[in-house]
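Asks: The structure under discussion is supplied below as structure tokens; questions concerning it will follow.
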Amino acid sequence: IISSPIISNNKIFGVVIISYSITSKNINLGLNSFNLFNFYILFVFIMLLLTFFFSRSLVRPIKLLSNLSIMERDKLGSNKKIKYPFRGDEIGTLSKEIQGMSLDLKSQIDQLEKFAADVSHELKNPLTSLNSANELLINKKISEYDKKKLINNMAKDIERMNLLISSISNYTKIKAEIESE
């Protein structure tokens, strides 16, 4: 219902009242609301799909890096070369850094194994000499002159082992300081 006064020369002569059915406007508004609601539901669904797709594109490479790290740690990939993913984003940078750390760690392990083998070899030589001299002294089958020579050699071997142990200790301290720097 719409009402409006009839005015002429600032005097009200009457009121016009018009009534009509507005169901056609309500139907149009209802269709617009229904269409907007459907668009909203479709938009939310598309956003959920895109979120799922992009999150998988982030999670999958991180899981792969995690599995590669586990393989490296457990030495499952020692027979074959482990292939790290190459990407141009932050995950690619992370992949390169993990690969670099793995190679550095393998290099340090190799150096440690070589160092242990060298130290073992260097310590076994004087120990073998000391053991042989000890057996000769226990058997008492050598002359007094050879006995003095043998004791002098034993003292030199003991001094050599002390020097070697001190050198190893200094080497490990310096290496630890360099690595911490």
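Let's see how each residue does on (1) of a type in the set (A, V, I, L, M); (2) surrounded by 10 or more Cβ atoms within 10 Å (Cβ to Cβ); (3) closer than 30 Å to I168 by Cα:
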| site | (1), (2), (3) |
| --- | --- |
| M47 | yes, yes, no |
| F52 | no, yes, no |
| S55 | no, yes, no |
| Q108 | no, yes, yes |
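Asks: Considering every residue within the range 41-54, establish whether at least one is of a type in the set (S, T, Y) and closer than 30 Å to F86 by Cβ.
Replies: For the range 41-54, residues of a type in the set (S, T, Y) and closer than 30 Å to F86 by Cβ: present.
Asks: Taking the criterion of being touching a Phe, Trp or Tyr at 6+ places or on another chain (Cβ under 9 Å) and among the charged types (D, E, K, R), would at least one residue in the range 75-92 satisfy it?
Replies: No, every residue in the range 75-92 fails to be touching a Phe, Trp or Tyr at 6+ places or on another chain (Cβ under 9 Å) and among the charged types (D, E, K, R).
Asks: Follow-up. When you scan the range 110-142, how many residues do you find that are under 30 Å from L64 (Cα atoms) and open to solvent by less than 60 Å² (accessible area, probe 1.4 Å)?
Replies: Of the residues in that region, 0 qualify.
Asks: Is it the case that the range 9-29 has a residue that's surrounded by 10 or more Cβ atoms within 10 Å (Cβ to Cβ), assigned to a helix (DSSP H, G or I) and among the small types (G, A, S)?
Replies: So far as the range 9-29 goes, no, none of its residues is surrounded by 10 or more Cβ atoms within 10 Å (Cβ to Cβ), assigned to a helix (DSSP H, G or I) and among the small types (G, A, S).
Asks: Look at L94 and say whether it is in contact with a Gly (Cβ under 9 Å, 6 or more places away or on another chain), in contact (Cβ under 8 Å) with a residue 24 or more places away in the chain, surrounded by 12 or more Cβ atoms within 10 Å (Cβ to Cβ) and aliphatic (A, V, I, L, M).
Replies: Spelling it out, it is not the case that L94 is in contact with a Gly (Cβ under 9 Å, 6 or more places away or on another chain), in contact (Cβ under 8 Å) with a residue 24 or more places away in the chain, surrounded by 12 or more Cβ atoms within 10 Å (Cβ to Cβ) and aliphatic (A, V, I, L, M).
The values are calculated or read from the model by the stated rules, or taken from the named source; none is laboratory data. Everything numeric here is computed off the predicted structure, so don't read it as measured data. Here Cβ is always computed from backbone atoms with ideal geometry, including for glycine, and neighbour counts include all displayed protein chains. Heads up: the accessible areas ignore ligands, DNA and RNA and are worked out on the full protein's heavy atoms, side chains in. Shrake-Rupley method; radii C 1.70, N 1.55, O 1.52, S 1.80 Å.
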